[in-house]
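Presented below is the structure to which this report refers.
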Number of protein chains: 2
Amino acid sequence: MQNRLLAALPSGDVARLSPHLVQFELERGRTLHEPGDRIDHVYFPLVGVVSLMTLMENGAAIESAMIGPEGAVGLPAAIRQRTAISRAVVQGKGRALRLSAAILHDVWTTSPTLRDLVDAHGEGLYANVTQSVACNALHSVEERFCRWMLSCHDRVEGDTLALTQEYLADMLGVQRTTVTAVARSLQDKGAIRYRRGQVDIIDRSLLEAAACECYGVVRRNYDRLLPAAERPVTSETSAEP
Amino acid sequence: MQNRLLAALPSGDVARLSPHLVQFELERGRTLHEPGDRIDHVYFPLVGVVSLMTLMENGAAIESAMIGPEGAVGLPAAIRQRTAISRAVVQGKGRALRLSAAILHDVWTTSPTLRDLVDAHGEGLYANVTQSVACNALHSVEERFCRWMLSCHDRVEGDTLALTQEYLADMLGVQRTTVTAVARSLQDKGAIRYRRGQVDIIDRSLLEAAACECYGVVRRNYDRLLPAAERPVTSETSAEP
DNA sequence: CTTTGAGTGTCGAGTCCTCGACAGTCTGCC
DNA sequence: GGCAGACTGTCGAGGACTCGACACTCAAAG
């Protein structure tokens with residue numbers, strides 16, 4: 001699996017960037033930046049998920065967007081040389097390529113393709129957040145739970161997600177007991193199976209049926225804006241086993 | 001009252017833009033663009049509010065952001081020559097300056113100040129939407145009602161807002177009966193007074209006390225990113241009568 | 001092998017908000 | 001002046017989610 005932004009760059013740009021791309025292990029729970037931090041590095045996930053969290057004054061943190069191999073963490077802020085406005089937390093184990101913001105900015109000034117990609121990424125991210133505004137106001141916890149599982153599943157390898165119900169409750173901004181009830185119900189339906197800190201996706205189509213439209217809307221947006229993923233993971237394209 | 005983006009431009013840029021700035025009346029309820037529309041014009045509100053709405057498949061529309069004299073409608077899409085992703089609806093009567101996207105793009109290519117302002121506007125808007133994600137998940141209807149009233153009050157002249165409870169219910173994504181109850185309660189407290197399709201703000205400090213933190217967070221963000229408003233409207237800066 | 005702590009199951013009271021329904025009231029228009 | 005339509009008031013049943021509490025279970029560390 002590869003990063004869709006890097007994959008879309010012409011070879012000339014890749015040649016200029018690659019000497020500065022550093023392999024970086026995404027360790028679960030690690031914070032990449034806090035609100036107010038200056039952005040010195042950009043992370044291009046290859047596998048794995050990074051959550052962008054909005055912090056509230058009482059310490060609550062809720063996910064505003066999820067970034068995986070379709071994007072990069074810190075992109076707009078790095079280019080504009082600004083500070084971060086959210087907290088970026090590694091959600092699931094994975095790998096990324098790290099790049100210094102200065103190098104990225106250099107290449108950005110001379111590469112129209114990179115500029116286009118940065119813009120496309122920004123638009124996809126904005127559309128994602130915009131959709132979440134509506135989603136959090138209008139959709140049930142079960143719908144949002146399923147949307148979240150699917151988004152996550154798209155961005156990692158395999159069908160097992162390492163996360164606790166408490167963690168997920170924070171992401172969604174609800175009580176743990178509510179997550180427990182929803183998870184239980186989805187397990188009874190055969191959509192997922194979970195153990196301590198681990199969720200297996202058993203039947204993706206059941207999740208898709210129970211998720212709100214927001215999952216598909218955001219996904220189609222990215223597909224429209226960025227070159228196709230190397231390994232498509234939509235159910236429509238999956239072959240029989 | 002003036003548009004903060006235009007006010008921050010150097011005189012050379014203003015000279016190039018002003019022949020193409022057209023006075024435009026913001027009429028309540030008018031749609032400036034729909035999702036998917038090509039953006040041919042950008043609107044710089046002088047007084048009044050435009051709501052950016054996210055549309056759902058079932059026809060529901062919910063506000064993702066509010067734009068007034070601190071910003072512009074269609075900015076990022078016009079510069080990048082992309083299509084709109086939300087519906088833009090005029091919320092309250094007002095005036096704006098309209099500018100062709102092509103002209104804006106021309107000046108943008110040569111003016112670093114304009115590029116900075118566009119970036120700042122984008123960051124403010126993104127921060128606004130991000131905050132709303134959390135707000136919609138965590139805050140009560142009364143808190144969000146107050147946040148909305150304050151945001152709106154900042155962007156119009158006078159203390160009277162022309163809007164129905166049904167309209168506001170749509171914006172917040174809740175039932176009208178809930179809005180009625182909240183409005184009633186705030187009127188009893190002496191914060192507002194309302195009649196058919198009209199709300200007077202009686203005691204702004206009561207609204208501020210009942211609003212969630214999101215109002216202040218977003219406002220301070222814009223103040224940090226853009227040059228100060230001509231007519232500050234924060235309670236802190238108000239003088240005694 | 002035991003202990004410890006993290007993760008999950010469950011319960012129940014209580015609150016917020018939904019959803020549908022209908023009655024009243026104001027405004028503008030004919 | 002009266003009518004139609006838009007706007008607001010109110011009610012009540014019901015559902016979704018909160019909030020605090022406590023018991024249980026598993027996994028890893030000692």
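The values are calculated or read from the model by the stated rules, or taken from the named source; none is laboratory data. Everything quoted here is computed from the prediction, not taken from an experiment. Note: ideal-geometry Cβ built from the backbone for every residue, glycine included; neighbour counts use all protein chains shown. Heavy atoms of the whole protein, side chains included, go into the accessibility calculation; ligands, DNA and RNA do not. Shrake-Rupley method; radii C 1.70, N 1.55, O 1.52, S 1.80 Å.
Just one of the numbered conditions (1) within 20 Å of A:Gly92 (Cα to Cα); (2) away from DNA strand D (no atom under 16 Å from the Cβ); (3) not in a helix (DSSP H, G or I) is not true of A:Pro227: (1). Among the residues of this structure, A:Ile67 does not count as one that is within 16 Å of DNA strand D (Cβ to nearest atom) and surrounded by 23 or more Cβ atoms within 10 Å (Cβ to Cβ). Residues that are more than 14 Å from chain B (Cβ to nearest Cβ), open to solvent by less than 50 Å² (accessible area, probe 1.4 Å) and within 15 Å of DNA strand D (Cβ to nearest atom) within segment A:143-161 comprise just one, A:Cys146. Only one entry in A:Asp106, A:Asp119 is open to solvent by 20 Å² or more (accessible area, probe 1.4 Å), away from DNA strand D (no atom under 16 Å from the Cβ) and within 14 Å of chain B (Cβ to nearest Cβ), namely A:Asp119.
For segment A:196-207, the set of residues classified as within 13 Å of DNA strand C (Cβ to nearest atom) and either open to solvent by 30 Å² or more (accessible area, probe 1.4 Å) or at positive phi (or both) consists of A:Arg196, A:Gly197, A:Gln198, listed by residue number. Taken over segment A:167-195, the criterion of being within 19 Å of A:Arg28 (Cβ to Cβ), open to solvent by 20 Å² or more (accessible area, probe 1.4 Å) and within 13 Å of chain B (Cβ to nearest Cβ) is satisfied by A:Asp170 alone. Residues of segment A:133-142 that are open to solvent by 10 Å² or more (accessible area, probe 1.4 Å), in contact with a helix residue (DSSP H, G or I) (Cβ under 8 Å, 6 or more places away or on another chain) and within 14 Å of chain B (Cβ to nearest Cβ): A:Asn136, A:Ala137, A:His139, A:Val141.
Screening A:Ala210 against (1) surrounded by fewer than 19 Cβ atoms within 10 Å (Cβ to Cβ); (2) within 16 Å of DNA strand D (Cβ to nearest atom); (3) farther than 22 Å from A:Gly92 by Cα leaves a single unmet condition, (1). One residue alone among A:Leu150, A:Leu168 is within 13 Å of DNA strand C (Cβ to nearest atom) and under 15 Å from the mean Cα position of the chain (by Cα), and that residue is A:Leu168.
In the set (1) at the interface with chain A (Cβ under 10 Å from one of its Cβ atoms); (2) within 22 Å of B:Ser151 (Cβ to Cβ); (3) open to solvent by less than 10 Å² (accessible area, probe 1.4 Å), the condition left unmet by B:Ile85 is number (3). State all residues of segment A:162-177 that are of a type in the set (S, T, N, Q) and either touching a residue at least 60 places away in the same chain (Cβ under 8 Å) or within 11 Å of DNA strand D (Cβ to nearest atom) (or both); if no residue qualifies, say none. Within segment A:162-177, A:Gln175, A:Thr177 qualify.
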